[in-house]
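The values are calculated or read from the model by the stated rules, or taken from the named source; none is laboratory data. Keep in mind the model is a prediction, meaning the values are calculated, not measured. So basically every Cβ, Gly included, is an ideal-geometry build from the backbone, and we count neighbours across all protein chains shown. All accessible areas refer to the heavy atoms of the entire protein, side chains included, with ligands and DNA or RNA removed. Shrake-Rupley method; radii C 1.70, N 1.55, O 1.52, S 1.80 Å.
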Amino acid sequence: MDKNAIKKFAVWARTELIARVSLKGVEYGITEDNIEAANADSVGGKVLTADEKKQRQALIAEINDKGYKQVMEEVAYTWFNRFSALRFMEVNGYLPSHVRVFTDEENNFKPQIITEAIHLDLDGLDMEKVYELKDAEKTEELYKYLLIVQCNALNKILPGMFQKIADYTELLLPDNLLREGSVIQQMIELIPEDDWKDAVQIIGWLYQYYNSEKKDDVFAALKKNVKITKENIPAATQLFTPDWIVRYMVENSLGRLWLEGHPEASEQLLPTEEEQSAYAAGNRDPEDAKWHYYLEEAEQEPEVQAQLAEIRKEYAALTPDRLKVIDPCSGSGHILAYMFDVLMKIYESYGYTTREAVASIVENNLYGLDIDDRAAQLAYFSVMMKARQYDRRFFSRGIQPHVYAIVESNHVDKFAVDYFCNGDAKLTTAMDTIISELHDAKEYGSILTVTPQEWSALYDRFVEITEDINMSREVALRELLPLVQVAETLAQRYDTVVTNPPYMAPTEHQKPYLLKNFKASKNDMAMAFMERNLAFCNKQGYSALIIFPTWMFLASYEKLRKKLGDKKYEAIDEYIKIYGKVDEWHQGVKDIRSIENIKEWENKMFDLHQKCKPIFIDDIVMNDEEWNKFEKWYEENKDRLKHYKTKKKNERGAR
């Protein structure tokens, strides 16, 4: 995969799309400094159609609510996501029409959808308009029309990615998409077609690189004491998780839970010594789906073995359809997609057919949340594409995944709430609680704790109003249903929680909430997620996350260490971070355990720290006395460690 090409395109595309979207705004009398009257019948001499007037009014309302720059950013991002999704689907043959939207069969920038326009079978396509535009040789206008119809047609099978474009995003679709140098032309030219055949990788890197300049801007502003707002939290915290780390975490949490209860599946799920050696040597079969990053259980004391035997009895009672797994900070969906792969192997080992397994995974097993609407779109898309990869008829099954953008209740329509509750005291209490607990939810994300409700009663009411003709019905379904879905996902307990949490100090808005609910980890959002993930878990569930090792020795996290040592968190196994050498650190700490001379111990610990960078530790590596010793040593040697790092960097530069 050519990551340089992906980065070059994504960084450029963001700037280009924002500029082009803003230019369309000018066409409709909307700039950052001035907005012509919302009820205008014409703008700049152009008479507006009824649809354009409605879309323009919606756009102005959104700008008044969020601000001009934020809305232009969101519209640009929406079109970037749609273009990326369409490109992936056309390359992999997943478009139901089987007609390419951006290229011909030879991957030339000659959209097949134009040449096949009069033969297209798309929902909502006005063939008279197609003939009219073709006869008038208005190719650019025809292409924009076909693009919008194609997106709207995909809404039926992918509503989480292709929302109906009857709003202002259609109004701001850039012009001149067929010109040399357009976003679409550059996407085709810069990114090799083969790179689009791995949904997780291409979507993930596009997302990260698209946000890279905004991330730089956010941190540059932070240095000038400009606080991070909730709109900028995603850009400040998003980080694409490399594939090997995802595999390691998922295989040693979800995979371990399953194998500990179903050891007979080991032969099907784990590689042989020969297969593992070939994999390590780089001889990797694309069809090989075995768990190459799975670590065998370490030898335990008899007392621990007895405790584990009891836990494994609970695991043995689990069937695949009863597993619940979540990534509460899902980003573009890399972890969710690999969870899908691991779950497929689990189902296959249990005797399910591929079709049965795919449907059950999407309906019963997999959950994802993110504060960023666009990231949640991509995570949703990644899961749907993974399902389509395994089941070519999946789009016709009418199944949707539990992957959601966290929504806020700040502007909920009171009339819609009253209509939905319909005087029912239980529904009213439930909705009042949900609305209260999801206020400013995008500030906090998945660390929010939500009260469990009688979810079936709420969903039954949504089914009941689906065919109603009340004027509040649409608002209730559009605003209240997402609130209930997110609240239920936050309130549930899971067998496995795997995530790459946000690394940032809490914002001013977040601090009071963390101080009240996460006293032991209030100084950092990532540390707060250590606690929150364990709260997400069932009693014997697994939590796996990437985390910095500072929680292990800094005095400010003493309460967190004690809390994580509590017996109710017996499932804690290991904590990993991005860099380091697991085995050397683990063995090294054991080797110096018996050294009594404090100076000798300090020197050995210093060398080990520099060699390995600690990445995982469990209760057999350090006891309380060793924790205290290590913490004291680290605090006294911080400056020395910093000097050592600078010295080594200079030496490398000199060489």
*From the Cα gyration tensor of region 52-191, with a ≥ b ≥ c the square roots of its eigenvalues, which class applies: rounded if a/c is under 1.5, or else prolate if a/b is larger than b/c, or else oblate?*
prolate
*Can you work out the FRET efficiency for the pair ARG179 and ASN155, with r the C-beta to C-beta distance and R0 = 22 Å, to the nearest 0.05?*
0.20
*Work out how much length ASN538 to ALA309 would gain on full extension: take 0.36 nm times their residue separation and subtract the Cα-Cα distance, in nm to one decimal.*
80.7 nm
*Round to the nearest 10 and report in Å² the accessible area of THR31, as given by a 1.4 Å probe over the protein chains' heavy atoms.*
50
_If amide hydrogens are placed 1.01 Å from N in the peptide plane, which non-local residues have theirs closer than 5 Å to the one on VAL43?_
LEU48
*How many nm separate the modelled label positions at ALA280 and PHE462, each set 7 Å beyond the Cα in the direction of the Cβ?*
4.8
_Could you check the spin-label model distance between LEU318 and TYR350? Points 7 Å from the Cα along Cα→Cβ, value in nm._
0.9
*Compute the relative contact order of region 57-156 as a whole-number percentage, counting only Cα pairs closer than 8 Å that sit 6 or more residues apart in sequence.*
17
*Starting from the Cα gyration tensor of region 61-113, multiply each eigenvalue by 5, take the square root, and state the resulting semi-axes largest first in whole Å.*
32, 10, 8
*Return the whole-Å distance between the Cα centroid of region 374-392 and the Cα centroid of region 96-120.*
23
_Cα centre as origin, Lys/Arg/Asp/Glu Cβ charges: region 457-569 dipole, Debye_ = 920
*Across region 108-122, in residue order, what do the Karplus-derived ³J(HN,Hα) couplings come to in whole Hz, using 6.51 cos²θ - 1.76 cosθ + 1.60 with θ = phi - 60° and x for Gly and Pro?*
7, 6, 9, x, 4, 5, 6, 5, 9, 3, 6, 10, 5, 10, 10
*asked:* Rounded, prolate or oblate, given the Cα gyration tensor of region 307-351, with a/c below 1.5 counting as rounded?
replied: oblate
*asked:* Could you tell me how far the Cα centroid of region 410-476 sits from the Cα centroid of region 145-188, in Å?
replied: 32
*asked:* What does the extension gain come out to for LEU295 and VAL26, with contour length at 0.36 nm per residue minus their alpha carbon separation?
replied: 91.0 nm
_Rounded to whole Å, give me the distance from the Cα center of region 491-528 to that of region 1-80._
35
_Amide proton proximity set for SER97, modelled H, under 5 Å, gap of 5+_ = none
*Tell me, what HN-Hα J-couplings in whole Hz come from the Karplus equation 6.51 cos²θ - 1.76 cosθ + 1.60 at θ = phi - 60° for each residue of region 432-442, using x for Gly and Pro?*
4, 5, 4, 4, 5, 6, 9, 5, 6, 4, 6
_In order through region 294-309: 3J(HN,Hα) via Karplus (6.51 cos²θ - 1.76 cosθ + 1.60), integer Hz, x for Gly, Pro_ = 6, 10, 5, 4, 5, 5, 10, 5, x, 5, 5, 4, 5, 5, 5, 4
*Under a plain spin-label model, where a point goes 7 Å from the Cα along Cα-to-Cβ, how far apart in nm are ALA505 and ILE595?*
3.4
_Estimated dipole of region 353-495 in Debye, rounded to 20 [Cβ of Lys and Arg +1, of Asp and Glu -1, Cα centre]_ = 740
_Placing unit charges on C-beta atoms (Lys and Arg positive, Asp and Glu negative, everything else neutral), compute the dipole magnitude of region 257-321 about its Cα centre in debye, rounded to 20._
160
*For ILE399 and ASP194 in one chain, what is 0.36 nm times their gap in residues minus the Cα-Cα distance, to one decimal in nm?*
71.0 nm
*Would you work out which of GLY445, ALA425, ALA457 lies farthest towards the positive end of the dipole of region 419-517? Charges go on Cβ: Lys and Arg +1, Asp and Glu -1.*
GLY445
*Amide H neighbours of VAL403 under 5 Å, counting only residues 5+ apart in sequence or on other chains, H built in-plane at 1.01 Å?*
GLY368
